[in-house]
Amino acid sequence: MPLERFVLILVAVIAAAGLTVWVGTLAAAATTTVPIGWVFVIPVALIVYVAWRVIAERIRNREDDHYDRIEK
């Protein structure tokens, strides 16, 4: 694995972990300080679900895999 790809994966994982902690902290604060805080959590959950579905579709798409087998 090239060093550039490894560093890119490492940066993406660290950024995703930080974003997860940040969103979790905001959600916890919203639900404990304001009774209507769930109004904040529901759109965030919907955005996360849509992002998950888009990423899963990109991973499973066989048409995109065609170009992985081409020699460069």
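For this structure, a couple of remarks:
- Note on the stretch 1-15: residues that are of a type in the set (A, V, I, L, M), exposed (fewer than 10 other Cβ atoms within 10 Å of the Cβ) and in a helix (DSSP H, G or I) amount to 1.
- Of all residues in the stretch 58-72 being part of a helix (DSSP H, G or I) and surrounded by 10 or more Cβ atoms within 10 Å (Cβ to Cβ), the one that is modelled with the lowest pLDDT: Asp65
- Residue match in the stretch 27-34 (condition: at pLDDT below 75 and open to solvent by 100 Å² or more (accessible area, probe 1.4 Å)): yes
The values are calculated or read from the model by the stated rules, or taken from the named source; none is laboratory data. Only a predicted model underlies this, so the values are computations on that prediction, with no experimental measurement involved. Don't worry about glycine lacking a Cβ; one is built from the backbone with ideal geometry, like all the others, and counts go over all protein chains shown. Only protein heavy atoms, including side chains, enter the accessible area calculation; ligands, DNA and RNA are left aside. Shrake-Rupley method; radii C 1.70, N 1.55, O 1.52, S 1.80 Å.
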